[in-house]
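The values are calculated or read from the model by the stated rules, or taken from the named source; none is laboratory data. Keep in mind that this is a model prediction, so the values were computed, not measured. Counting neighbours? That spans all protein chains shown, and the Cβs are built from the backbone with ideal geometry, glycine included. Ligands, DNA and RNA are stripped out before the accessible areas are found, and what is left, the full protein with its side chains, is counted by its heavy atoms. Shrake-Rupley method; radii C 1.70, N 1.55, O 1.52, S 1.80 Å.
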Amino acid sequence: MPERPQAERPMIEIKSVTRSYGAFKALDDASLTIKEGEFFSLLGPSGCGKTTLLRMIAGFDNPTSGSISVDGQSMEGIPANRRPTNMVFQSYAIFPHLNVEQNVAYGLKRLKLAGSEEKRRVEEALAQVSLTGLGKRLATELSGGQRQRVALARALVMRPKVLLLDEPLSALDKKLREQMQVELRRLQQAVGITFVLVTHDQYEALAMSDRIAVMFGGRIAQIASPKEIYQRPVNRQVADFLGGMNFVKAEIVEENGASLVLDTLGFGRIKTDKPKAFVRNGGAATLGIRPERLRVLWDNATAKFEVAGKVVERHYFGEITHLIVEIPGLEKPLSVTETNDFGADDIPVGTSIRLAYDPEALVAMAD
Amino acid sequence: MTAAAEGSPAFGMTRARRNALLRSEPVQGFALISPTFLYALILLVLPILVVIAHSFWTQNYLTIDRTFTLENYRIALTEPIYRDLLWRSLYISLTVSLFTVVLAYPIAYFISFHGGRHKSLWLFLITIPFWTSYLLRVMSWKVILGYNGVLNSGLMGLGVIDEPSTALLYNSTAVIITLTHAWAAFAILPIFVSLEKVDRTLVEAAKDLGDGPIRSFLRVTLPLSAPGVISAALIVMIPTVGDYVTPKLVGGKDGVMIANAIQAQFGKASNWPLGAALSVTTMLIVTLIAGATVLILRAAQRLAR
């Protein structure tokens, strides 16, 4: 049998895993497959079950029902210390009684490597996270960003098949967090290890992942690439969680195999792709359009598709401005994001403006 | 008013200085602690000074000769009986603290790691023996270890021994058993507190990095709870060196400790200066051992890194 292409080989297979605490289900019938070498994110608000799932992959918790396998091997009954996974903890869990080197070498001690080999691997791991030369520092003498790097090196040095990251960047300040996002992604591509990241920060998930699973209330709502999750969310909840979205009530005129024809008050008749998981609920549906997909038309410029309205609010955010525009016929005003290069920050409240849009940007979703 | 104020500039200045003095933080601090400070001075420092002073004097039947002498210390340090008693006291107290810590650790560990919601209930239950007097607890060990005691009749009933053993009571082993039981709670509490402070994710991290339960305990939990173990050992060792009731009640003639000799000097023998010298010597040795323990363990911790 020919070997499957490496990128398609499943590394983690989660099959209808449920974790209940009494009557409460922290995780409800979750199934997903994470491919080898993939950067996969579990995204959702707190209490959605993402950390529970990660801890079950690591072996700190066991499913009430369902199965988890890593690299084709069932993880049932295998304790955390014998799983081919390593974890970067949210609090970093740096051993306070050991220095940086000893922290990184902690897991290697059990492997009984030759002294020089152990030293080489520790130094290699420290270099990977740009901590060369800090080996003798005590854990208490490190900054937050450095502690995060030590936690990363300590896990990477074990050469796991899967690296699990539990909100690793949430304790860092904004600037360092953005820098670490780029570094983590670069590191993942360099080492080629499967990364599973848990986060509640949608931008973090979008910026780093190959694929994202969005979770709500113990259930997986959507698994897709960042672009698809952002542009084609399956329902209002996902759309809302992944940043701003204007929702427009629509009426279904025609439904066939792959497309939908909908009537809206503000945007007229729209023909759009039917989402995969679309479940018709009577004659009504919701259309969504991201604020940045609406563009202000200046002076006499025209567009093939446009709506007219009146600016009712203006919020300045430095590089961008949020305009709230009332459209006759729509029950809620539209939120529009404009970059400030053309003077959107100078449009006075009360001005009548026209907005251009691309019908492609309007996505139908289940309510 | 103005004239008066102008007329006494010196008075105004001293008052300003006095106010500044009263407002200064050190003075306010001393004022605040002065009741407790006086209490400690009268009840702790003064008695010790009296004892130290006596240790340099001589007893002349009913009077005390107040000329300075080191004779008492010569007797305390060279007389074989006092040396032996001191060694035995140290041996007993070190053994007791070792046993107490070894027995207390699993209990503290259980409460801290597996106590769940009932932690305070468990701690409360541990204090129950302390609701009765210390004397009663020592006496009950007499009932257990005695010639016709619970242990002897139990062992005879099981056929392990044919006649009651006399090796159980009235020796240093009986003192060690009784003291180990009596001081258990004092060792459990500091160990429990230090175990509570061990971040549980560190134990998880050790597990994640490949350690089984025993290795993760030895490499993470135990080193991080070492401060509690040290304080537990010191809390037990320091007072047991000078224990006087327990050897008197269960120690017999083989279990006599230094405190019994000190008591005899202040009582029947009526030689206060010698008793004082013995007390000061014991105090100094205990201080040295406690200090050395702390230093050695600190150095060991540094080496372990």
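Let me know the Rg and Dmax you get for segment A:249-367 when you use only its Cα atoms, in Å.
15.4, 46
For chain A, what relative contact order do you get, as a whole percent, if you take Cα pairs closer than 8 Å and at least 6 residues apart?
Details: 737 pairs, mean separation 55.6, N = 367.
About 15 percent, as a whole number.
How do A:R269, A:R19 stack up against each other in accessible area, from largest to smallest, with a 1.4 angstrom probe? Show your work: numbers first, answer last.
Details: A:R269 150, A:R19 45 Å².
Ranking A:R269, A:R19 by accessible area, largest first, yields A:R269, A:R19.
Please report the net charge: other residues with Cβ closer than 15 Å to the Cβ of B:D243, K and R +1, D and E -1. Don't skip to the answer; put the middle values down first.
Numbers: positive: B:R88, B:R137, B:K248; negative: none.
Counting the neighbours of B:D243, the net charge comes to +3.
Let me check I have the definition right: for segment A:185-322, take the eigenvalues of the Cα gyration tensor, multiply each by 5, take square roots. What are those semi-axes in whole Å, largest first?
They are 31, 23, 14 Å, listed largest first.
Cβ under 14 Å from A:G66's Cβ, A:G66 left aside: what net charge do those residues give with Lys, Arg +1 and Asp, Glu -1? All intermediate terms of the calculation are to be shown ahead of the outcome.
On the way: positive: A:K15, A:R19, A:K25, A:R219; negative: A:E13, A:D28, A:D29, A:D61, A:E76.
Residues near A:G66 contribute -1 overall.
In sequence order, what are the phi-derived ³J(HN,Hα) couplings for segment A:172-177 according to the Karplus relation 6.51 cos²θ - 1.76 cosθ + 1.60 with θ = phi - 60°, rounded to whole Hz, with x for glycine and proline?
3J(HN,Hα) across segment A:172-177, in whole Hz: 8, 6, 3, 5, 5, 4.
With unit charges on the beta carbon (Lys/Arg positive, Asp/Glu negative), name the residue among A:H200, A:L108, A:I57 whose Cα is farthest towards the positive pole of the charge dipole of chain A.
Of A:H200, A:L108, A:I57, it is A:L108.
Direction-averaged shadow area of the convex hull around the Cα atoms of chain A, nm²? Don't skip to the end; give the middle numbers.
Numbers: hull surface 95.6 nm².
For chain A, the mean projected area of the Cα convex hull comes to 23.9 nm².
Could you tell me what percent of the DSSP beta bridges with both partners in the protein assembly as shown are antiparallel, to the nearest 5?
On the way: 64 of 83 bridges.
So the antiparallel bridges in the protein assembly as shown amount to around 75 percent.
Given an 8 Å cut-off on Cα distances and at least 6 residues of separation, report the relative contact order of chain B as a percent.
Numbers: 303 pairs, mean separation 76.8, N = 305.
With pairs under 8 Å counted, the relative contact order is 25 percent.
Roughly what % of Cα-Cα distances in segment A:250-298 sit above 14 Å, to the whole percent?
Working: 635 of 1176 pairs.
The answer is 54 percent, as a whole percent.
Using only the Cα atoms of segment B:35-117, construct the convex hull and provide its projected area averaged over every direction, in square nanometres to one decimal.
Details: hull surface 42.4 nm².
Over all viewing directions, segment B:35-117 projects a mean Cα-hull area of 10.6 nm².
In this model, which of A:K15/A:K271; A:K227/A:K274; A:K15/A:K161; A:K35/A:K227; A:K136/B:K197 are farther than 29 Å apart at the alpha-carbon?
On the way: A:K15/A:K271 36 Å; A:K227/A:K274 17 Å; A:K15/A:K161 19 Å; A:K35/A:K227 18 Å; A:K136/B:K197 25 Å.
Pairs exceeding the cut-off: A:K15/A:K271.
Kindly provide the Kirkwood hydrodynamic radius of segment B:190-251 in Å, to one decimal, from all pairs of distinct alpha carbon atoms. Kindly include the intermediate steps, with their values, before the conclusion.
Working: mean 1/r = 0.0734 Å⁻¹.
Kirkwood hydrodynamic radius for segment B:190-251: 13.6 Å.
Charges at C-beta only: +1 for Lys and Arg, -1 for Asp and Glu. How large is the resulting dipole of chain A about its Cα centre, in Debye rounded to 20? Walk me through the numbers on the way to the answer.
On the way: 47 positive and 45 negative charges, 284 e Å.
For this selection, approximately 1360 debye.
So, in nm, how far is label A:S170 from label A:K304 when the simple model puts each one 7 Å beyond its Cα toward the Cβ?
4.5 nm
Can you give me the long-range amide H partners of A:F39? Hydrogens built in the peptide plane at 1.01 Å from N, cutoff under 5 Å, separation of 5 or more residues or another chain.
A:F195, A:D210, A:R211
Can you list the HN-Hα couplings for segment A:240-245, worked out from phi with the Karplus curve (6.51, -1.76, 1.60; θ = phi - 60°), rounded to whole Hz and with x for Gly and Pro?
Once θ is set to phi - 60°, the couplings for segment A:240-245 become 5, 5, 8, x, x, 8 Hz.
Measuring from the lowest to the highest alpha carbon on each principal axis, how far does chain B reach, largest first, in angstroms?
That works out to 104, 71, 41 Å along the principal axes.
What's the local net charge at A:G350, with K and R +1, D and E -1, over the other residues with C-beta under 14 Å away? Please report the intermediate quantities before stating the final value.
Working: positive: A:K310, A:R314; negative: A:E313, A:E326, A:D346.
Surrounding charge for A:G350 is -1.
When the Karplus curve 6.51 cos²θ - 1.76 cosθ + 1.60 is applied with θ = phi - 60°, which whole-Hz ³J(HN,Hα) does each residue of segment B:276-285 get, with x for Gly and Pro?
So the Karplus estimates, Gly and Pro as x, are 5, 5, 4, 4, 4, 4, 4, 4, 5, 5 Hz.
Just the number, please: Stokes-Einstein D of the protein assembly as shown in µm²/s, Kirkwood Rh from C-alpha pairs, 10 °C, 1.306 mPa s.
On the way: Rh = 32.8 Å.
Roughly 48 µm²/s, to the nearest whole number.
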